[in-house]
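The values are calculated or read from the model by the stated rules, or taken from the named source; none is laboratory data. A quick note: this is a predicted structure, and the numbers were derived from the prediction, not measured. Just the protein is used for accessible areas: all its heavy atoms, side chains included, with ligands, DNA and RNA removed. Shrake-Rupley method; radii C 1.70, N 1.55, O 1.52, S 1.80 Å.
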Amino acid sequence: FLEPGATPEASRDHFIATLGSALGLDFTQTTQPMTLLSARLRNLQAILCLEGFEACPGATPTVLEVLGAAPHSLILLTSRGRLAATEGWACELRGLTARDAADGGPEAGEPAVDLLVACAQRAGIALDGDTDHACLSRLTRQLDGSPLAIQFAAQSLRLMSPRQLCEKLDSGGW
């Protein structure tokens, strides 16, 4: 919901507008949207979830400003890298495991591959017999074992084979 590479000012304005809209605020009659947002957040008890925040590092000061305005709320923020924040907790999560050929090859029972297969099956996508386990393992490693990315990849298997998806990821075309 924030554009990658946006300037800090644009990220701030967009973040405030998007959050305000989600909270039902109308900023058309004010020149001070943060003041209106702060008033709404002051007594709000909520968990604000922000996914994939590494794409908008310029918005970090705004998130801290919003957090300061919402003393009874929490912000759950996910990022592939640490943010320059002076408060809060960082909990480093690793992706699900998938073995590499250098580690002795893929094996049945790999959590990342099992998730990919289960999500594909749940979506009604049949992985044909030509899809070897090594290809699925490679695909999940390319996705760093991220459960969310694996679920999205499973949906992409409607449009292309696992090999084609690996090639697309290899070429940076995704």
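Per-structure values
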read-out: Area of Glu51 that stays accessible when all protein chains are in place (1.4 Å probe, Å², to 10); value: 130 Å²
read-out: Amide hydrogen neighbours beyond the local backbone of Leu50, cut-off 5 Å, H modeled; value: Leu76, Leu77, Thr78
read-out: Per-residue HN-Hα couplings for region 28-37 [Karplus 6.51, -1.76, 1.60; θ = phi - 60°; Hz; x = Gly/Pro]; value: 5, 9, 9, 9, 10, x, 5, 5, 5, 5
read-out: Overall form of region 26-72 per C-alpha gyration tensor (a/c, 1.5; a/b vs b/c); value: oblate
read-out: Ser161 accessible area, assembled protein chains, probe 1.4 Å, Å²; value: 50 Å²
